[in-house]
């Protein structure tokens, strides 16, 4: 097993850390396990706000995730400046998340770690952000999961290629 220092660390970020980012985290964890990369890749999530710190993901997102075989059980936390030091990839869901995270960066090296989730879409490339399903209906949660599955597959393939995994 590699040491934590050598692990590839991914942090998914959305607004409240109760819908999109914990779903992205749960999906990526399943993909990492399926590819037997759990000793190499570590995944977490956070929100740009602290409104829901300590809460489980939204029950609707958990229900939609359960239906697809995912575990969305991580507790919400707020993005911290030291996350730039801890993570190799900081993946945000929309422009607002990008601006909020970027505003905490100290230098260009930290800014270079921030990427849009949609940068990794393979099939649904016409989307330029992952919509927040919080105020929508069931179809919004399904769309978000479709996009997150697509983008996580693209992200994992990019990491596997970059690190020859």
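Table for the structure above
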read-out: Only one of 104, 148, 155, 165 that is modelled with pLDDT under 95, in contact with a helix residue (DSSP H, G or I) (Cβ under 9 Å, 6 or more places away or on another chain) and either surrounded by fewer than 19 Cβ atoms within 10 Å (Cβ to Cβ) or closer than 18 Å to residue 9 by Cα (or both); value: 165
read-out: All positions within region 87-111 that are farther than 19 Å from residue 41 by Cα and part of a loop (DSSP other than H, G, I, E, B); value: 93, 94, 103, 104, 105, 106, 107
read-out: Criterion: in contact with a strand residue (DSSP E or B) (Cβ under 8 Å, 6 or more places away or on another chain) and part of a helix (DSSP H, G or I) - qualifying residue of 12, 31, 84; value: 84
read-out: Test: residue in region 36-49 that is out of contact with any helix residue (DSSP H, G or I) (no Cβ under 6 Å at 6 or more places or on another chain), surrounded by fewer than 17 Cβ atoms within 10 Å (Cβ to Cβ) and at negative phi; value: yes
read-out: Region 100-113, residues that are touching a strand residue (DSSP E or B) at 6+ places or on another chain (Cβ under 9 Å) and over 19 Å from residue 7 (Cβ atoms); value: 100, 101, 102, 105
read-out: Test: residue in region 130-142 that is outside any loop (DSSP other than H, G, I, E, B), over 17 Å from the mean Cα position of the chain (by Cα) and crowded, with 17+ Cβ neighbours inside 10 Å; value: yes
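The values are calculated or read from the model by the stated rules, or taken from the named source; none is laboratory data. As the structure is a prediction and not an experimental result, all values here were calculated from the model. We place every Cβ from the backbone using ideal geometry, glycine too, and count neighbours over all the protein chains shown.
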